[in-house]
Structure formats: structure tokens, C-alpha cells
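Notes follow once the structure below has been shown.
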Amino acid sequence: LAGQVTLKLRYTSFQTLSHGRTITPTNDELVMGKVVRELYTEIRGGSLPIRLLGIALSKLRLDSAQLSLFTRGEQRGAAVDQVRDRFGYDAVHLATTLGGRRRKSRMP
């Protein structure tokens with residue numbers, strides 16, 4: 001969860017502006033996106049082209065509802081399904097099913 005959103009804007013003239021806003025801690029992209037748009041509207045001025053636009057999230061904390069890796073249940077199954085859908089079935093295995101098989105190294 002992020003408790004602060006900061007927008008940094010640098011023009012081609014290298015003038016740099018930075019504004020931040022403390023928010024109710026959230027991980028909702030729509031809420032953070034709205035705050036970023038509001039900060040951009042506040043900070044943007046003039047007609048100079050933008051050289052850099054950055055967004056920083058700070059005042060981070062863990063979500064108390066974080067999915068436990070070692071509990072049984074539908075949430076774990078759904079998470080495993082999502083990983084396999086994105087990266088293929090072999091992306092996730094139970095360690096007990098490896099049977100001493102050596103893991104292939106991704107490094108040359």
C-alpha cells in the first residue's frame with residue numbers, strides 16, 4: 001500500500017518541478033492514477049516540451065490481507081492458475097513433485 005504519490009516533471013530547459021500528496025494508503029491503480037493526473041494539472045505550466053516525467057510511491061506498508069504462500073485454499077489455487085496462464089504450466093511446481101530433479105539454470 002502506498003501512502004504518498006509524488007510527481008516529478010523536468011522540462012527541456014532542465015527546470016525541474018516536484019509535487020507530492022499524502023493519500024489514504026491504497027494499492028488501487030485508479031485512485032493513484034487520479035492523484036497523478038491532479039498533480040500533473042497542478043504542476044504543468046507553459047509550453048516547453050517535457051524531458052522527464054516520473055512518479056514515485058512512498059510511505060509504503062504491507063497489506064494486512066496479503067495472500068499467505070503456505071495456506072491452503074482457493075486463493076492460492078487462483079494465484080497458481082494466473083501464473084501458469086501467463087508463464088506456462090511448468091512455471092509453478094510443488095517442491096515435493098520435483099523428485100530430486102535438477103533445476104535448469106537460466107544463467108549461461
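Which members of region 20-50 meet the condition of being open to solvent by 70 Å² or more (accessible area, probe 1.4 Å), assigned to a strand (DSSP E or B) and at pLDDT below 95?
THR24
Can we say THR6 is modelled with pLDDT under 95 and either surrounded by fewer than 10 Cβ atoms within 10 Å (Cβ to Cβ) or in contact with a Leu (Cβ under 9 Å, 6 or more places away or on another chain) (or both)?
No.
Output the qualifying pairs, or none if there are none: Cβ atoms under 8 angstrom, residues six or more apart or on different chains, first residue in region 51-64 and more than 13 Å from THR24 (Cα to Cα) and part of a loop (DSSP other than H, G, I, E, B), second residue open to solvent by 100 Å² or more (accessible area, probe 1.4 Å) and at pLDDT 90 or above.
Listed pairs, sorted by first residue: none to list.
The values are calculated or read from the model by the stated rules, or taken from the named source; none is laboratory data. Predicted model, so just to flag it, every value in this text is computed and none were measured. Backbone-built Cβ (ideal geometry, glycine too); neighbour counts: all protein chains shown. To get the accessible areas, we keep the full protein, side chains included, count just its heavy atoms, and leave off ligands, DNA and RNA. Shrake-Rupley method; radii C 1.70, N 1.55, O 1.52, S 1.80 Å.
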